[in-house]
Amino acid sequence: MPLESKQPKINELKIIRHAALLSANEMKAFKPHKINSFRTEKKYSQAFMAYKLGLSLGSYQKLESGETKISLFQLIQIAIALEKLPQDFL
């Protein structure tokens with residue numbers, strides 16, 4: 001029986017393409033609370049998201065709460081993990 005590959009709903013290349021279109025001003029408009037909304041919608045824990053991003057739990061919690069500024073690379077990683085476009089977090 002062949003293994004079925006699980007395809008994300010939003011293609012990773014599409015996410016990267018959309019992220020490349022973000023301006024510096026749009027990155028400033030990033031709303032960290034939206035990560036929490038999308039994460040809880042997917043029923044992912046903060047620990048799972050920290051693991052996916054290669055961060056400690058504390059570092060991830062600071063990103064999600066807005067205590068630390070998010071980088072474009074981190075936004076792309078989060079968007080891929082949550083199957084959202086980067087613009088969905090603005």
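The values are calculated or read from the model by the stated rules, or taken from the named source; none is laboratory data. No experiment lies behind these values; they were computed from the predicted model shown. Virtual Cβ from ideal backbone geometry, glycine too; neighbours counted across all protein chains shown. Heavy atoms of the whole protein, side chains included, go into the accessibility calculation; ligands, DNA and RNA do not. Shrake-Rupley method; radii C 1.70, N 1.55, O 1.52, S 1.80 Å.
Within region 14-60, the residues that satisfy the criterion of being over 14 Å from the mean Cα position of the chain (by Cα) and at pLDDT below 90 are R17, A20, L21, L22, S23, A24, N25, E26, K28, A29.
Can you pull out every residue in region 33-90 that is touching an Asp or Glu at 6+ places or on another chain (Cβ under 6 Å) and surrounded by 18 or more Cβ atoms within 10 Å (Cβ to Cβ)? Within region 33-90, I35, I80 qualify.
Take the conditions under 25 Å from N11 (Cβ atoms) and open to solvent by 60 Å² or more (accessible area, probe 1.4 Å) and apply them to F30. Does it pass?
Numbers: under 25 Å from N11 (Cβ atoms): yes; open to solvent by 60 Å² or more (accessible area, probe 1.4 Å): no.
No: the conditions fail for F30.
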